[in-house]
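Written out below as structure tokens is the structure these notes cover.
The values are calculated or read from the model by the stated rules, or taken from the named source; none is laboratory data. Please read these numbers as outputs of a predicted model, since none were measured by experiment. Methodologically, a virtual Cβ is constructed for each residue, glycine included, from the backbone with ideal geometry; neighbour enumeration extends over all protein chains shown.
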Amino acid sequence: MLIRNTQLDRFINFKAYKVVLYILVMCFTFNVAFAKSAPDSFADLAEKLSPSVVNISTTTIIKERSQQMPSFPPGSPFEEFFKQYEKPNQKNRKAQSLGSGFIIDKTGYVITNNHVIENAEKIMVILYDDKSFEATVVGRDPKTDVALLKIDPKKTILSEVKFSDSDKLRVGDWVMAIGNPFGFGGSVTAGIVSARGRNLSGSYDDYIQTDASINKGNSGGPLFDMNGNVVGINTAIFSQSGGSVGIGFAISSNLAKQVTDQLKAYGRTKRGWLGVLIQEISKEIADSLEMKSAKGALVSSATEGGPAFKAGVKTGDVIIKFNDIVIDNMKELPKVVASTPVGKSVPLVIWRNGKTITLNVVLGELELAEKDNLILSNDNVDDKKSKSFDKLGFVGEELNAENKKKYNIKDIKTGLLISDVKPDSTADKAGLKSGMVIVRVGQIEVQSLKIMDEAIQNAVKQKRKAILLLVKIEKGTRFVALELN
């Protein structure tokens, strides 16, 4: 028979409570010890980093004409006639502007924004102690707004800074900006990372958004983390007044380092080139392609002879993975392709006809890529065939010499011309207009009215909600998903 020992039980329970309490106290202590708090001061960091930040002064020569004299195209006989009446003392005007930059190498390499030094006749780099040096442009990249300069420091010892991994930056982290706003050199501001991965206008944009004050003249200056490393290049602000309103943008250090490494090595950028024209995938397009989600980059055309074309990529394919990187949306693809070395063979996973296919593509160089010109075939078909596709709301005609001439169609061999669009129809709501040409329906090339008609009938039989068309527009081609009435 078991005899319950009450005193022993109480002792064990008491010990258990102490263990639990001890664990809770340790967890709390652990969290407090490793929690990031706001710095008491930025003074030590600012003092250490300020010597690496420089002011950029540029001089641009602006050719002026007399305000009284009218302006004529170059070579005009009137220009020579009015020259005799211009003021003899008229001279070209020098325009000066200010920006910021920072030293990344003690041998004299300086980084700034391309727009700070663009079209400059003379560039001066002014150090923290007011020593100045004339700079030469090693290379610049308008696409990312990055420029690399070089000065000869002679016997001057330069203070350099290093890039850090901007991918490790978190929203809410403290950052500090140093620059030359409005000509006030050595100005320090601080704030937090407000957002990451911002895209303002370019295909290769990767901006950090911050509320650290960035004003006119800060352009090209560094954005530091709390370890004193560069996480971004201060580049732009959003403001209706021209001054800081707490929304500033800095080029991510990972993108900036990639560009500056190439500028330093080659004097220009060397981006990977895939050779495809892509577009976003809407829910309607995803449904028509039998995809579970609207993810990836839809190929609307592949450059003939380009890397993707050689690898077997076809119009209508959806790129869902590039070099083992998942492509969630169209905007991600140009960035990962551009950052991949030229000549490298990478796996490309595409969605085609309801299944995934893996291809291997050898990347070309974007800067050296040339656009191919399509050779038109002689079209001697003069008979006009048309049909009204009521379920979609447009009238189609088979291409012939007459309607090609009428709508100035020069770069398509076969297709279905849209000659009329019914108001408020599915086609009208999707933006289709007279003069556009349907090149493909689904995965099939449209060579006749019959092909189009059969494709619509098959879609109806399969109870599809939409049908996918590849349409030739003014500039290139575009996929359009039309709902079936």
Next item on the list: Return yes or no: is residue 143 over 20 Å from residue 96 (Cα atoms) and of a type outside the set (Gly, Ala, Ser)?
Entry: yes
Checklist line | Verdict on residue 311 being free of Cβ contacts under 8 Å to residues at least 12 places away in the same chain, more than 30 Å from residue 190 (Cα to Cα) and either of a type outside the set (Phe, Trp, Tyr) or in contact with a Leu (Cβ under 9 Å, 6 or more places away or on another chain) (or both) | finding: no
Next item on the list: Can you give me the number of residues within the stretch 376-397 that are modelled with pLDDT under 50 and of a type outside the set (Lys, Arg)?
Entry: 8
Note to self: Being among the acidic types (Asp, Glu) and surrounded by 21 or more Cβ atoms within 10 Å (Cβ to Cβ) is the requirement here; does residue 105 meet it?
What the structure shows: no
Check: With respect to residue 213, is the statement that it is part of a loop (DSSP other than H, G, I, E, B), among the polar types (S, T, N, Q), closer than 24 Å to residue 227 by Cβ and touching a residue at least 12 places away in the same chain (Cβ under 8 Å) true?
Finding: yes
Item checked: Boolean, residue 265 is surrounded by 20 or more Cβ atoms within 10 Å (Cβ to Cβ) and of a type outside the set (Ser, Thr, Tyr) -> no
Check: Mind checking which pairs have a first residue in the stretch 144-158 that is closer than 11 Å to residue 127 by Cα and a second that is of a type in the set (D, E, K, R) and part of a loop (DSSP other than H, G, I, E, B), Cβ under 6 Å, 6 or more apart or different chains?
Finding: 158/106
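In this structure, is residue 232 out of contact with any Phe, Trp or Tyr (no Cβ under 7 Å at 6 or more places or on another chain), part of a strand (DSSP E or B), small (Gly, Ala, Ser) and modelled with pLDDT of 95 or more?
Here the answer is yes, as residue 232 does meet what is asked.
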Next item on the list: Could you tell me whether any residue of the stretch 404-417 is touching a strand residue (DSSP E or B) at 6+ places or on another chain (Cβ under 6 Å), crowded, with 21+ Cβ neighbours inside 10 Å and under 17 Å from residue 316 (Cα atoms)?
Entry: yes
Next item on the list: Please work out which one of (1) buried (at least 18 other Cβ atoms within 10 Å of the Cβ); (2) not in a strand (DSSP E or B) is the condition residue 293 fails and give its number.
Entry: (1)
Next item on the list: Considering only residues that are within 20 Å of residue 167 (Cα to Cα) and among the aliphatic types (A, V, I, L, M), look in the stretch 320-329 and name the one that is surrounded by the most Cβ atoms within 10 Å (Cβ to Cβ).
Entry: 327
Next item on the list: Among what's in the stretch 265-275 and is of a type outside the set (S, T, N, Q) and assigned to a loop (DSSP other than H, G, I, E, B), pick the residue that is nearest to residue 150 (Cα to Cα).
Entry: 267
Note to self: Can you find a residue that is in a loop (DSSP other than H, G, I, E, B) and in contact with a Lys or Arg (Cβ under 7 Å, 6 or more places away or on another chain) anywhere in the stretch 137-155?
What the structure shows: no
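Look at residue 317 and say whether it is touching a Lys or Arg at 6+ places or on another chain (Cβ under 9 Å), more than 19 Å from residue 204 (Cβ to Cβ) and crowded, with 23+ Cβ neighbours inside 10 Å.
Criteria met by residue 317.
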Notebook entry, point to check: Do we find that residue 278 is outside the structural domain of residue 191 (by TED's automatic domain parsing) and either assigned to a strand (DSSP E or B) or within 27 Å of residue 114 (Cα to Cα) (or both) in this structure?
Noted result: yes
